[in-house]
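**Q** Quick one: this structure, given as structure tokens, is what I'll be asking you about.
The values are calculated or read from the model by the stated rules, or taken from the named source; none is laboratory data. The shown structure was predicted, so the numbers you read here are calculated from the model rather than taken from an experiment. Neighbour counts are summed over all protein chains in view; Cβ atoms, including those assigned to glycine, are modelled from backbone coordinates with ideal geometry. In case anyone asks, the SASA skips ligands and DNA or RNA and just uses the protein heavy atoms, side chains included. Shrake-Rupley method; radii C 1.70, N 1.55, O 1.52, S 1.80 Å.
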Amino acid sequence: AAEAGEGGEGGAPAKSALDNVQKMDKPIIFPDPGRLDGIVGKRKVVMRISNVSFKYETAPKEILSNATGSLSLGSRVALIGANGAGKTTMMKLMVGELEADNGTGEVWKHHNLRLAYIAQHSMHHLEAALENTPLEYIQNRFYMGRDKEMAKMATMALTEEDKEQMNGRGAILKIKGRQSRGNKLWYEVAKGGRKEEETDWEPLVFLEKMHPYVMKLVKNYDEKLKADQSGMAIRPITREEVRKHLADFGIEEDLSMQKIKRMSGGQRSRLVLAAAMWSKPHLIALDEPTNYLDNDTLAALTMALKGFKGGVMTISHNKAFVSELCNEEWLVENGTVEVRARYADKLMKLNRWFHQADPSGKFHNTFVDTYLKWGRSRKAAPPATDHSEL
């Protein structure tokens with residue numbers, strides 16, 4: 001595991017995740033995610049988790065209770081907390097790997113938002129493809145324009161019970177279209193016992209109240225539309241197209257033609273990143289990336305994330321990585337989630353602004369002291385400011 005750059009309180013200063021950038025010969029280049037309908041700027045919320053609780057079947061109590069937080073295209077969020085506190089659970093709930101307990105809260109995301117989720121044990125995606133080349137892996141995973149790994153998520157995969165529910169007369173069998181009417185989404189549905197061309201239009205709020213399998217059909221249809229919009233459905237899975245994409249992640253042509261089993265750990269981690277980014281996501285979720293990346297790849301990834309035009313959510317105990325990248329922390333502790341800005345970063349920006357705007361120091365100390373008190377307590381909201389650059 002690559003833990004270089006972890007600094008402890010009272011010890012030597014944390015090493016920057018970018019210390020290797022000068023000698024880095026294989027940078028990582030993320031694709032541009034493009035625009036989202038109705039989203040102007042980087043601050044508008046594109047994903048939200050509201051009052052969600054979750055309990056594992058074998059656990060004596062909930063690991064999360066009334067968890068709440070929101071993400072925008074400008075978010076750089078670090079989920080922090082002790083091991084076992086629920087950070088990975090929180091991330092999985094947001095990306096769709098887990099479903100919230102029935103009747104508790106909501107996980108909402110923009111209907112065209114594309115997500116990339118890179119799990120802590122992400123290398124398992126490659127285990128069944130060790131005899132393939134990186135080029136073949138990408139071609140097989142995204143054959144027909146859909147990500148096969150995405151379809152396995154709990155919020156999208158149909159169970160045997162779901163399929164039984166679809167046998168009844170009048171049951172919804174397929175989603176065939178989607179329209180925006182005002183601020184509401186409507187879906188064209190095909191039902192059992194009718195001719196194929198006989199369809200109904202139903203509002204999303206109605207479909208949400210039906211059997212859970214109906215929302216899985218909705219989400220699968222939404223993913224199909226997202227693939228169309230990102231170009232996945234029409235993006236050619238040709239050798240040349242895939243080679244170009246892999247090269248953006250430091251996997252050159254000769255390496256792309258070798259079997260995955262011959263790749264080093266660092267090279268495999270780049271392949272995992274390249275596969276996750278094929279869909280041109282608007283939001284990236286990374287669970288402990290510093291655990292499976294070598295130092296050079298970590299430096300390249302940090303640079304790519306800093307310049308990425310979408311949102312980032314990460315779990316990491318690497319203080320240097322978090323400090324370099326993130327502007328917000330979500331503290332997961334005792335079943336709750338506390339959202340807070342990284343006040344040290346804000347303080348540095350305040351200091352720079354005051355030194356320029358207030359050379360005399362007349363207001364400097366009072367204002368900065370207020371921020372320090374807030375940062376130490378981490379309870380109250382930060383003091384208001386109308387300086388946009390802060």
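**Q** Taking the Cβ of Val218 as the centre, find all other residues whose Cβ is under 9 Å away and add up their charges (Lys, Arg: +1; Asp, Glu: -1).
**A** +1
**Q** Given Lys224/Lys280; Lys26/Lys306; Lys55/Lys87; Lys26/Lys319, which pairs have Cα atoms separated by over 21 Å?
**A** Long pairs (Cα-Cα over 21 Å): Lys26/Lys319.
**Q** May I have the pair-distance distribution P(r) for segment 32-107, computed from all Cα-Cα distances with 10 Å bins from 0 and rounded to whole percent?
**A** 17, 46, 27, 9, 1
**Q** OK, next. Given Cβ point charges of +1 (Lys, Arg) and -1 (Asp, Glu) and nothing else, what value in debye, to the nearest 20, does the dipole of segment 160-230 about its Cα centre take?
**A** 200
**Q** State the answer as a single residue: which of Pro236, His211, Val189 lies farthest towards the positive end of the charge dipole of segment 163-242, with beta carbon charges of +1 for Lys and Arg and -1 for Asp and Glu, about the Cα centre.
**A** In segment 163-242, that residue is His211.
**Q** Now for a separate question. Hey, which of these cross-link pairs are over 30 Å Cα-Cα: Lys42/Lys174; Lys176/Lys261; Lys109/Lys261; Lys42/Lys219; Lys61/Lys226?
**A** Result: Lys42/Lys174; Lys176/Lys261; Lys109/Lys261; Lys61/Lys226 exceed 30 Å.
**Q** Under a 1.4 angstrom probe, counting protein chains only, how are Ile237, Ile260 ranked by accessible area, largest first?
**A** Reading off the accessible areas and sorting them downward yields Ile237, Ile260.
**Q** If you plug each phi of segment 164-175 into the Karplus form 6.51 cos²θ - 1.76 cosθ + 1.60 with θ = phi - 60°, what whole-Hz ³J(HN,Hα) values come out, in order, with x for Gly and Pro?
**A** 5, 5, 7, 7, x, 5, x, 6, 6, 9, 7, 9
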